[in-house]
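What follows draws every value from the coordinates through simple rules; no lab data is involved. Just so you know, these numbers come straight off a predicted model, no measurement behind them. Ideal geometry is used to build each Cβ from the backbone, glycine not excepted, and the neighbour counts take in all protein chains shown.
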Amino acid sequence: MHIYNKVLVTLAVMMTFAMGTKAQDKIVHPDISYAGTPKTLVLGGINVSGIEGYEDYMLTGISGLSVGQEITVPGNDITDAVKRYWRHGLFSDVKISADSIVGDKIFLHVHLALRPRVSVINYVGLKKSEREDMENKLGLLKGAQITPNMIDRAKILAKRYFDDKGFKNADI
């Protein structure tokens with residue numbers, strides 16, 4: 001019986017050391033060097049943050065990446081995913097980083113920020129008929145997403161409207 005206890009203690013110690021070496025394979029927040037040789041890793045998971053009101057599966061689907069897919073790090077797979085998010089037009093900021101690498105699996109974190117939306121449009125110093133003309137020309141709708149192009153276009157159209165009315169010094 002005494003020999004069995006020694007064997008069990010020895011096995012327990014060996015398993016503890018074996019489990020300890022397994023935990024060392026995990027690299028948390030790895031530094032991806034773009035100067036080094038690319039590695040082919042299996043995508044173990046994708047975590048999306050920064051946006052509420054959208055389902056995670058929809059947001060990960062936009063990226064074109066899927067769990068179990070082999071990707072090259074650094075490589076074109078992640079770059080293409082960022083481009084897909086930008087092309088979609090909903091986001092003002094897109095960041096993809098590696099949360100961890102466990103063995104040959106990489107876990108990605110996607111941080112997204114939505115574009116701002118129009119909540120209120122204020123026209124100061126305009127009569128009701130002038131305001132309606134301005135609303136028709138600008139075409140801004142409450143709840144619509146704002147892009148830098150929309151802001152520039154609205155400024156140009158408003159400036160042109162006031163220039164035509166004879167107000168060359170109007171603040172837009």
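At-a-glance table
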| quantity | calculated |
| --- | --- |
| Farthest positive-ward along segment 24-172 dipole, Cα basis, beta-carbon charges - from VAL110, ASN169, LEU65 | ASN169 |
| Descending semi-axes in whole angstrom, ellipsoid equivalent of segment 29-80, from the Cα gyration tensor | 23, 12, 10 |
| Cα centre as origin, Lys/Arg/Asp/Glu Cβ charges: segment 57-172 dipole, Debye | 600 |
| Positive-end residue, segment 21-172 charge dipole about Cα centroid, Cβ charges, pick of THR79, GLN145, TYR54 | GLN145 |
| Environment charge of GLY64, counting only residues whose C-beta is closer than 10 Å and scoring Lys/Arg +1, Asp/Glu -1 | 0 |
| Lysines with Cα under 22 Å of LYS128, excluding same-chain neighbours fewer than 8 positions away | LYS137, LYS142, LYS155, LYS159, LYS165, LYS168 |
| Residue-count net charge about LYS165 - beta-carbon cut-off 15 Å; Lys, Arg +1, Asp, Glu -1 | 0 |
| Under 18 Å from the Cα of LYS95 - lysines, other chains or at least 8 residues apart | LYS83 |
| For peptides 129-139, 96-106, sequence by mean Cβ density within 10 Å, most packed first | 96-106, 129-139 |
